[in-house]
Structure formats: C-alpha cells, structure tokens
Amino acid sequence: MKTILANATKFHPDRCSGVVLALLGVFLIYMASPLPIGTLKAPDSGFFPIILATLLILFGLGLLALSFVNEGFLLELTSRSWGVAICAACLIAYGLLIDRVGFLICTSAILIVLMRFYGGLKWRSCLMVTLPLVLVAYIGFKELGVPLPHGVLSFIW
C-alpha cells in the first residue's frame, strides 16, 4: 500500500497523459451533448463524436491505471521532440485557415511542411508527392460530393 501511495505522488508521464486524455474526452462529450445521437442503425450527427470521446475517456483511464503498475521514466526532450509540437501547430493552423485560404493551398502546405521538416524528405520529393496527392484527393472529394472550401482561389471557380 505504501508503494502505491509513493507512486501516486511521483511524476509519471503516462499518468499525466491519461488524465489529459480523460478530461479531453469529458470536454468533448460535453460539447457534443446538444447534438442528436440517433440509433446504432441510424446514427445522427452526435453519434460519432460521442463514441470517439468515450473511447478517449476509456483509453485515458486505462493509461492512468497502467501508470500505477509500470515504472515512471524521465522524459528526454531532444531537437527531434520539437517535431511533435510543429506537427500539432500545423494541424491547428490548418483547421483555422482552411476556410479562408482553401483546401488546395492549405493541404499542399501542410503536406509539404510535414514531409520536409518532420519526415526529412527533400524539397523535390515533397513537391513530387504533394501535388499529385492533393489533386487526387480534391478530385476524389468532388466526385463524392464533398464541398471543399475554395478560399483565395474562389475567383477561379
């Protein structure tokens, strides 16, 4: 019992991650609660967010529980660790800018940044992969009838 109490007060990265995931799941369920859920055979707009938020809570609580069994370790932040922060910042910027700037430009930019700085590809390789990939995704979404934001390119079509 003393060991469990001693472990509970010690910093443990999995413990922190588990609490953050569980709290994020609770927040997301709160935000999705006004949406209609529907049924399993006919899901409505709130079904998918609530299921995902529930999974976040379950995995967060599982991670928290496992943190009391596994030993903690010190986190070593290296220059490569900044890749995670850069990736998160890119995804947030993508979400904030896609309506204003447009799908084609935002998606191309985020893929180039992630492949170049996070994946370590050369500029030429990034461009050779990104441009066809974004065009295929754009055509595929259009064929499926998914409306994509045009942004600054709205004067073209």
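Determine which member of the set 95, 119 is under 30 Å from residue 13 (Cα atoms), modelled with pLDDT of 90 or more, within 20 Å of the chain's Cα centre (by Cα) and not assigned by TED's automatic domain parsing to the domain that holds residue 12.
Sole residue among the options that is under 30 Å from residue 13 (Cα atoms), modelled with pLDDT of 90 or more, within 20 Å of the chain's Cα centre (by Cα) and not assigned by TED's automatic domain parsing to the domain that holds residue 12: 95.
Please determine whether any residue of the range 70-84 is exposed (fewer than 15 other Cβ atoms within 10 Å of the Cβ), out of contact with any Gly (no Cβ under 9 Å at 6 or more places or on another chain), touching a residue at least 24 places away in the same chain (Cβ under 8 Å) and polar (S, T, N, Q).
Taking every residue of the range 70-84 in turn, at least one turns out to be exposed (fewer than 15 other Cβ atoms within 10 Å of the Cβ), out of contact with any Gly (no Cβ under 9 Å at 6 or more places or on another chain), touching a residue at least 24 places away in the same chain (Cβ under 8 Å) and polar (S, T, N, Q).
If residue 130 meets every condition in (1) exposed (fewer than 15 other Cβ atoms within 10 Å of the Cβ); (2) of a type outside the set (A, V, I, L, M); (3) at pLDDT 90 or above apart from one, which number is that one?
All conditions are met except number (1).
Inspect the range 124-142 for any residue being among the hydroxyl-bearing types (Ser, Thr, Tyr), in contact with a Cys (Cβ under 7 Å, 6 or more places away or on another chain) and not assigned by TED's automatic domain parsing to the domain that holds residue 30 and give the result as yes or no.
There is no residue in the range 124-142 that is among the hydroxyl-bearing types (Ser, Thr, Tyr), in contact with a Cys (Cβ under 7 Å, 6 or more places away or on another chain) and not assigned by TED's automatic domain parsing to the domain that holds residue 30.
In this structure, is residue 63 in the same structural domain as residue 19 (by TED's automatic domain parsing), within 30 Å of residue 14 (Cα to Cα) and exposed (fewer than 14 other Cβ atoms within 10 Å of the Cβ)?
no
Here are some residues: 106, 90. Which one is under 22 Å from residue 17 (Cβ atoms) and either touching a residue at least 12 places away in the same chain (Cβ under 8 Å) or surrounded by 12 or more Cβ atoms within 10 Å (Cβ to Cβ) (or both)?
Only one candidate qualifies: 90.
The values are calculated or read from the model by the stated rules, or taken from the named source; none is laboratory data. All of these numbers come straight from a predicted model, not from anything done at the bench. Backbone-built Cβ (ideal geometry, glycine too); neighbour counts: all protein chains shown.
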